[in-house]
Amino acid sequence: MKKDLVSRRSFIKKCLNAAGAGALISTSCALIGSTTASEQVWQIDPDKCMQCDRCATDCVLSISAVKCIHSFDMCGYCKLCYGYFKPSFLEMETGAENQLCPTGAIKRKFIENPFYEYSIDYELCIGCGKCVKACGMFGNRSLYLQISHEYCLNCNECSIAKNCPSEAFTRISIENPYLLKVVS
Ligand code: SF4
Ligand code: SF4
Ligand code: SF4
């Protein structure tokens, strides 16, 4: 697995490979179409992020512009997803009491025995990183946080970046708006 700075040229292809990111890119394509290469946007380095919860609490928006991305390229068809289930889950089913996500943003869909597909509802995701932390501890780190330019206001001084303890936020050219995890 590698991290990939997604350029204008490979933008759509790479984002679709890092699926779950589909909703992240729809408006961003329009955004990129109307901006110049000299403009900059905020970006998270997933390898520096330690899921401190500030992405959920410090954004100026009432629901954070930071969202969880699930790289289907790396994963996507597990029976037991550690990002989905609480460590103390009672049964492997969709009851709220079994789910780790506080907003029910991770959706679980049966594919074929024994595989389920897990995807993120970005309208519900608050960027708390709970699922990312669990996937990092027990899984393969295919869940990670990234800023959605569909929601982000692109503040000159990002209030999350100011308080990020791991300096995971950087300003980057609109040419490479997303740092996504993909399989090489
Ligand atoms: S503030 Fe920084 S370390 Fe904390 S969750 Fe956001 S990117 Fe990760
Ligand atoms: S656990 Fe947090 S970061 Fe993960 S999908 Fe739910 S709201 Fe988003
Ligand atoms: S730039 Fe503004 S809207 Fe975007 S993530 Fe930072 S605080 Fe939120």
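The values are calculated or read from the model by the stated rules, or taken from the named source; none is laboratory data. All of these numbers come straight from a predicted model, not from anything done at the bench. Note that we place each Cβ from the backbone using ideal geometry, even for glycine, and neighbour counts take in every protein chain shown.
Keeping to segment 145-163, report how many residues are more than 8 Å from ligand 3 (Cβ to nearest atom) and within 12 Å of GLN43 (Cβ to Cβ).
So the answer is 4.
Which of the numbered conditions does THR94 fail, given that it passes all the others? Conditions: (1) touching a residue at least 60 places away in the same chain (Cβ under 8 Å); (2) of a type in the set (Ser, Thr, Tyr); (3) over 22 Å from GLN43 (Cα atoms).
(1)
Could you check segment 65-106 and list, in sequence order, the residues that are farther than 14 Å from ALA134 by Cα, within 10 Å of ligand 2 (Cβ to nearest atom), touching a strand residue (DSSP E or B) at 6+ places or on another chain (Cβ under 9 Å) and not aliphatic (A, V, I, L, M)?
Passing the criteria: only LYS67.
Residues that are surrounded by fewer than 19 Cβ atoms within 10 Å (Cβ to Cβ): which strands (runs of 3 or more DSSP E) entirely in segment 65-157 hold 1 or more of them?
By residue number, 106-112, 115-120.
Tell me which residues, restricted to segment 152-184, are farther than 27 Å from CYS81 by Cα and more than 15 Å from ligand 1 (Cβ to nearest atom).
Hits for segment 152-184 are LEU153, ASN154, ASN156, SER173, ILE174, GLU175, ASN176, PRO177.
Of everything in segment 164-184 that's among the aliphatic types (A, V, I, L, M) and either farther than 12 Å from GLN40 by Cβ or within 15 Å of ligand 2 (Cβ to nearest atom) (or both), which residue is modelled with the highest pLDDT?
ALA168
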